[in-house]
Amino acid sequence: MPVTVLIGAQWGDEGKGRVADWLAADAQIMARYGGGDNAGHTITVGDEIYKMHLIPAGALREGVINILGHGMVINPQKLLEEFAMLEGRGHPITPDNMLISERAHIITPSHRAIDIAKEAARGDAKIGTTGRGIGPAYTDKVQRSGLQIYHMLDEEAFGDRVEEHIARWNEQLEKIYRSSPLDPKTVASEYTEYARKLKPFITNITLVIQTALEEGERIVCEGAQGTLLDLDLGNYPFVTSSSAGVAGALSGLGFGPQHVDRVVGATKAFSTRVGAGPMPTELHDDYGDRLRGTGENPWDEYGTTTGRARRTGWLDGVALRYAVQVNGFTELVLTKLDILSGFDELKIAVAYEISGKRTEYFPAKLEDLEAATPVYESFTGWDADIMGVTEWDALPAAARDYILKVGEIVGVTVKQATTGPARRDVINL
Ligand code: IMP
């Protein structure tokens, strides 16, 4: 059973990039299964910091085949920019190590324009999207009018499709959102050029994955966003438009569940969220500011994709337990433990109180989650700076207790904890 699925257990930004990076060390294939350039994965290799939005972490390891799965929505301009960034830093991108599913969908400038116009029209009820056109691209997919990657293979016909697509969305842009239309011919010629460049990478990934499975190769599925942003599992409508959870890996890449032997959940040692929507353990005080950091360090809590300051709070054990259950995590990675150093007291929510009633379950109803008051368990903090600690025994007793307690509260073992951004800053439990 050679498949590992890596999933964000919170609202995204759990540090999946670095976990994907170390899982890539034992993988023959690294595959992204959903989302688009709304994601931002930061990976530190020595002195180099890589910020990737579309390309799987395997691109930084020689001999790994990287796949962009059909559950993704791909902005070809951004993808080519990422190819160029990696090439420029000594990581060749070729059709031997980079494959794009012919079934994936394409993000266009119309999708981005509509995303931004829709958010503006929502006013106070805005979702806080990344503005990358993700929702409109998935809308096109679901309403069966999307542009698929394989359309790029016939450049001339693709140009016509793009023109028709831009003209169609222009109607909405102009009539509903009173925004400026885009020029269909200009976009079509731009996209035809992207098609020419991406053609060599477009392939039938089902064949590649099935052959790899038959040969017993290890495939790592790299999730984007997080379980609480999953279209079905998250706090709708404050979610993204794709399946960030385990089901997304199966449908977004195309294989059966019997092949999966590890489902790794990544969670920060505390909580963060970007964008709007309920976050029961959010802190609006000095503790919250300390968790966020000032923005001076690359690991401070500011979005990789949008640069927005992230909302911060104590670890939400109720939400995390839910993520464990709905994904069937076999293990957890607890990231950024070092950030908790120096706090006199630490808290984890173990239940919510909603309208005077205690519940241990994560509610579906938005109003319930908005009204939820966390019931906390408190822990003694630790003073020592643990950044870069790699041995369990070298951790202060309070830090060891905290890690074990997380596993106990959410019902799955924490197998690794990270103590800094570098590849080596990890404790194997
Ligand atoms: P969209 O995916 O751009 O439509 O945004 C929908 C919601 O998901 C917003 O709250 C975004 O801030 C959030 N979101 C999307 N992608 C990520 C991510 O990779 N990390 C964290 N939040 C994200």
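The values are calculated or read from the model by the stated rules, or taken from the named source; none is laboratory data. All of these numbers come straight from a predicted model, not from anything done at the bench. FYI the Cβ positions are ideal-geometry reconstructions off the backbone, even for glycines, and counts take in every protein chain you see. Note: areas computed on protein heavy atoms with side chains; ligands, DNA, RNA excluded. Shrake-Rupley method; radii C 1.70, N 1.55, O 1.52, S 1.80 Å.
Worth pointing out:
- Residues whose placed amide H lies under 5 Å from that of Gly411, excluding near-sequence neighbours: none
- Prolate/oblate/rounded label for segment 177-240 (Cα gyration tensor, a/c 1.5): oblate
- Structural size metrics of the chain, computed from C-alpha coordinates, are Rg and Dmax of 21.5, 65 Å.
- Computed Rg/Rh of segment 354-429, alpha carbon atoms with Kirkwood Rh: 1.11
- Residue list for segment 143-167, given a label point 7 angstrom along the Cα-to-Cβ vector of Gln77 and an amide N cut-off under 16 Å: 162-163, 166-167
- Set of segment 20-35 residues, backbone N closer than 17 Å to the point 7 Å along the Cα-Cβ line of Ala422: 22
- Near the amide H of Met98, within less than 5 Å, lie the amide hydrogens of Asn66, all on another chain or at least 5 residues away, with H placed in the peptide plane.
- Cleavage-rule hits (trypsin sites (Lys or Arg not before Pro)) in segment 157-189: DSSP loop, at most 13 neighbouring Cβ within 10 angstrom: Arg178
- Note on Trp392 and Val142: with the Förster distance fixed at 35 Å, the Cβ-Cβ geometry gives a FRET efficiency of about 0.15.
- Relative to the Cα centre, the charge distribution of segment 276-416, modelled as +1 at Lys and Arg Cβ and -1 at Asp and Glu Cβ, gives a dipole magnitude of about 500 debye.
- Estimated FRET transfer efficiency when R0 is 25 angstrom, pair Arg308-Glu48 (beta carbons, to 0.05): 0.55
- Fully extending the segment from Asp160 to Ser180, taken as 0.36 nm per residue of separation minus the present Cα-Cα distance, adds 5.1 nm.
- Whole-percent carbon and sulfur share, accessible surface of segment 116-217, 1.4 Å: 50
- Value of Rg to Rh for segment 293-359 (Rh from inverse mean 1/r over Cα pairs, i.e. Kirkwood): 1.03
- In this label model, Arg358 and Asp300 are separated by 3.9 nm, measuring between points 7 Å along each Cα→Cβ vector.
- Annotation for segment 260-363: GluC sites (Glu not before Pro) lying in DSSP loop with at most 14 further Cβ atoms inside 10 Å of their Cβ are Glu296, Glu360.
- Calculated [θ] (222 nm, deg cm²/dmol) that DSSP helices of n ≥ 4 give over the chain, each run adding -39,500 (n - 2.57): -9500 deg cm²/dmol
- Given the chain, longest segment not containing exposed loop chymotrypsin sites (Phe, Trp or Tyr not before Pro) (DSSP; at most 16 other Cβ within 10 Å): 178-360
- Think of each Lys and Arg Cβ as +1 and each Asp and Glu Cβ as -1; about the Cα centre, that makes the dipole of the chain roughly 700 debye.
- Relative frequency of Cα-Cα separations exceeding 26 Å in segment 257-413, percent: 29
- Simple spin-label estimate for Glu217 and Leu366 in nanometres, 7 Å along Cα-Cβ: 4.3
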